[in-house]
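The values are calculated or read from the model by the stated rules, or taken from the named source; none is laboratory data. These figures come from a predicted structure and were not determined experimentally. In this analysis, Cβ positions are derived from the backbone assuming ideal geometry, glycine residues included, and neighbour counts consider all displayed protein chains. Surface accessibility is based on the protein's heavy atoms, side chains included, excluding ligands, DNA and RNA. Shrake-Rupley method; radii C 1.70, N 1.55, O 1.52, S 1.80 Å.
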Amino acid sequence: ETGVTQTPRHLVMGMTNKKSLKCEQHLGHNAMYWYKQSAKKPLELMFVYSLEERVENNSVPSRFSPECPNSSHLFLHLHTLQPEDSALYLCASSQSLATGNQFFGPGTRLTVL
Amino acid sequence: KNEVEQSPQNLTAQEGEFITINCSYSVGISALHWLQQHPGGGIVSLFMLSSGKKKHGRLIATINIQEKHSSLHITASHPRDSAVYICAASLVYGSRLTFGEGTQLTVNP
């Protein structure tokens, strides 16, 4: 499999649940990103990892917890979310932080009840 | 005010029409990106450019660095071009992207 994959594609969870989103890239890239896309809003950068180290945390609430165990995998752990967290969560990767061309995954459509 | 602004927000065209989507930015950039997002969410990178003009099939992207403006043109539009087109700017340092709000394009047969 090539490119950037995300699982699950759809997720419905209650406010007390704990779930995780997974992203995997098969491109040999060193940088990975989590974005949130809410209706009628521009994409918002949440987290940036470079060589498995978090280099940017864009004032994201602590109920979102990223994890990057290696350069190919990125997780977003979710707990005690709010209905306003319902959105499309997109993962992307790039060769490095210095290169701007990012490759996006298909996204996870999250609904918080 | 968003650092990257697109116009129009919504655009409806008839098949075969020439389409232009505009993007203006107010920050120093190293590159300007045009992305396409189809229903269902997946985003595809169409162009990354820092000067001049690039062409791929029926798509043409131009950028004017002095005016801080870029345009995406679609020639001989087709219903399968219907998607959200997003302009994004790479800031001067690093690959952090700042996104416009997107333009919803609908091409009717």
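Details
- Residue list for segment A:6-23, filter: open to solvent by 90 Å² or more (accessible area, probe 1.4 Å), farther than 14 Å from A:SER65 by Cβ and not in a loop (DSSP other than H, G, I, E, B): A:HIS10, A:VAL12
- Filtered by the rule that a residue be under 30 Å from B:TRP34 (Cβ atoms) and either among the β-branched types (Val, Ile, Thr) or within 11 Å of chain B (Cβ to nearest Cβ) (or both), segment A:60-86 gives a lone residue, A:VAL60.
- Every listed requirement among (1) open to solvent by less than 60 Å² (accessible area, probe 1.4 Å); (2) within 14 Å of chain A (Cβ to nearest Cβ); (3) touching an Asp or Glu at 6+ places or on another chain (Cβ under 8 Å) is met by B:TYR85 save one, (3).
- Filtered by the rule that a residue be in contact with a Lys or Arg (Cβ under 9 Å, 6 or more places away or on another chain), at the interface with chain A (Cβ under 9 Å from one of its Cβ atoms) and among the hydrophobic types (A, V, I, L, M, F, W, C), segment B:38-51 gives a lone residue, B:MET48.
- The test for being assigned to a strand (DSSP E or B) and open to solvent by less than 60 Å² (accessible area, probe 1.4 Å) holds for A:LEU78.
- Number of the condition not met by A:HIS29 [criteria: (1) outside any strand (DSSP E or B); (2) open to solvent by 20 Å² or more (accessible area, probe 1.4 Å)]: (2)
- Cβ pairs under 7 Å, 6+ apart, first in segment A:87-113 and at the interface with another protein chain (Cβ under 8 Å from one of its Cβ atoms), second in a strand (DSSP E or B) and basic (Lys, Arg): A:LEU88/A:ARG109
- Scan segment B:92-108 for residues that are within 11 Å of chain A (Cβ to nearest Cβ) and open to solvent by less than 40 Å² (accessible area, probe 1.4 Å) and the total you get is 7.
- Test: A:PHE47 is buried (at least 17 other Cβ atoms within 10 Å of the Cβ), in contact with a His (Cβ under 9 Å, 6 or more places away or on another chain), within 14 Å of chain B (Cβ to nearest Cβ) and modelled with pLDDT under 95: no
- Verdict on B:LEU35 being within 9 Å of chain A (Cβ to nearest Cβ), assigned to a strand (DSSP E or B), surrounded by 15 or more Cβ atoms within 10 Å (Cβ to Cβ) and not polar (S, T, N, Q): yes
- Flag: B:GLN66 does not match the condition of being on the phi < 0 side of the Ramachandran plot and within 12 Å of chain A (Cβ to nearest Cβ).
- Scanning segment A:50-69 for residues that are at pLDDT 90 or above, part of a strand (DSSP E or B) and open to solvent by less than 60 Å² (accessible area, probe 1.4 Å) yields A:PHE64, A:SER65, A:PRO66, A:CYS68.
- Out of B:GLN66, B:GLN14, sole residue that is without any contact (Cβ under 8 Å) to a residue 24 or more places away in the chain and surrounded by fewer than 12 Cβ atoms within 10 Å (Cβ to Cβ): B:GLN66
- Hits in segment A:8-51 - residues which are under 13 Å from A:PHE104 (Cβ atoms) and polar (S, T, N, Q): A:GLN25, A:GLN37
- Check on B:GLY41, open to solvent by less than 10 Å² (accessible area, probe 1.4 Å) and part of a loop (DSSP other than H, G, I, E, B): yes
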